[in-house]
Amino acid sequence: MQFDQLKRRQFITLLGGTAAWPLVARAQQGERMRRIGVLMNRAADNSEGQARLAAFQKALQQLGWNDGRNVRIDIRWAGTDVERERRHAAELVTLAPDLILAGGSSSVAAVQQASRTVPIVFAGVGDPVGAGFVDSLARPGGNSTGFMAFEYSLSGKWLELLKEVAPGVKRAAVLRDAANPLGIGEFSAIQTVAPSLGVEVSAVNLRDADAIERSIAAFARSANGGLVVGVSAIATVYNDLIITLAARHKLPAVYSNRFAVTGGGLISYGSDLIDQFARAAGYVDRILKGEKPADLPVQAPTKYELAVNLKTAKALGLDVPASVLARADEVIE
């Protein structure tokens, strides 16, 4: 009797468990796999690009989106090859993603060219209104929104910082991408503050390695010069070359990105782009849950970084003021 009761209990337990299996399966099937495309305007082996992507993925996971469980992330690395970027953008659109994360202005342009309906969240974009990506910062309209990497007022601070660490500077060459509205706006803001600092500024338009080398060499023939390296994908591509030329010609230089200083540049000041990619995950989460890019305002930078390379300063014969070191987020000795 007891044996029969035991068998009966086991049967009921087994039956209950078996009946539950389809319910579990249905629950898992009910959670639709979402799809995110990622287009980065960096090479796949670029450490800065990898750090930005890792920050995005970590923040996304903290919001409950796990690659392979409830979301699939398709990543494309374009470097600075415009045609490759366009091909990658078209490929990502054909995968029918729920949205695309675009890193940098050229990536946004490529995705918008491929689709005006797929939602886009961008990070590291200089002037989204000037570039035509959004109607306004408060009301983006269209299918794109995200995070600005830059405000024009920052440009004047680069020249101020250059003068602070190298008081002897009387002339400054501003390295810019003249084909990008951002480069024009940067130079205009720098020109505005230059007279009060007693610095004469001139523009160097970035095109290719030979042109950069010739322009910097010509500028360095006169004394008391320094460089301001603005925000642009071209400056990033030729980052190592610019650092090498600045050292060769004994030119103090200020950069917009921290990775230039870790690579041997003198000093940098700019927004924390890794933080921006982490914050972009929040917008991705909101769009996946039903909100529209047109209703999410473009956000300005909230975190800035100041980095100083004392080894480079010593090579240039400069004593970095204590006031600068006290403000620095990173000091390389």
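Contact order normalised by length for segment 108-160, with contacts defined as Cα pairs under 8 Å and 6 or more residues apart; what percent is it?
With pairs under 8 Å counted, the relative contact order is 37 percent.
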- What helices does the chain hold that run 20 Å or longer along their axis, going by alpha-carbon atoms, with a Kyte-Doolittle average of -1.0 or more, using DSSP H for the helix calls? 2-30, 47-62, 181-197, 273-288
- How many percent of DSSP beta bridges within the chain run antiparallel, rounded to 5? 10 percent
- What accessible area per residue comes out for the chain, rounded to a whole number of Å², with a 1.4 Å probe? 48 Å²
- Task: Return a whole-number percent for the relative contact order of the chain, with Cα pairs under 8 Å and 6 or more residues apart as the contact set.
- Result: 18 percent
- What are the residues whose amide H is under 5 Å from the amide H of A253, where those residues sit 5 or more places off or on another chain and H is modelled from the backbone? L227, L266, I267
- For segment 214-311, the charge dipole (Cβ of Lys, Arg +1; Cβ of Asp, Glu -1; about the Cα centre) points to a positive end, and the Cα of N309, A247, A223 closest to that extreme belongs to A223
- Percent carbon-and-sulfur accessible area, the chain, ignoring ligands, DNA and RNA, probe 1.4 Å: 52 percent
- Item | Cut-off under 5 Å, modelled amide H: who pairs with F147 long-range | F122, A123, G124, V125, Q299
- Note on the structure: Between the residues A55, N70, L159, the Cα farthest towards the positive end of the dipole of the chain, that dipole coming from +1 and -1 charges on the beta-carbon of Lys, Arg, Asp and Glu, is from N70
- Note on the structure: Dividing the surface of the Cα convex hull of segment 244-333 by four yields a projected area in nm² of 7.3 nm²
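If you put +1 on each Lys and Arg Cβ and -1 on each Asp and Glu Cβ, how big is the dipole of the chain around its Cα centre, in Debye rounded to 20? Write down the numbers at each step before the final one.
Numbers: 37 positive and 33 negative charges, 177 e Å.
Using Cβ point charges on Lys, Arg, Asp and Glu, the chain gives about 840 debye.
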- Note on the structure: The pairs in K58/K157; K170/K250; K58/K289 lying past 23 Å Cα-Cα in this model are K58/K157
- Once the Cα gyration tensor of the chain is diagonalised, semi-axes √(5λ) in Å: 50, 22, 17
- Note on the structure: Given backbone amide H placed at 1.01 Å from N, residues whose amide H is under 5 Å from that of V174, ignoring those fewer than 5 places away on the same chain, are S202, A203, V204, V228
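The values are calculated or read from the model by the stated rules, or taken from the named source; none is laboratory data. Remember, predicted model here, so these are calculated numbers, not experimental data. Positions of Cβ are generated from backbone atoms using ideal geometry, with glycine treated the same way; all protein chains shown enter the neighbour counts. Note: areas computed on protein heavy atoms with side chains; ligands, DNA, RNA excluded. Shrake-Rupley method; radii C 1.70, N 1.55, O 1.52, S 1.80 Å.
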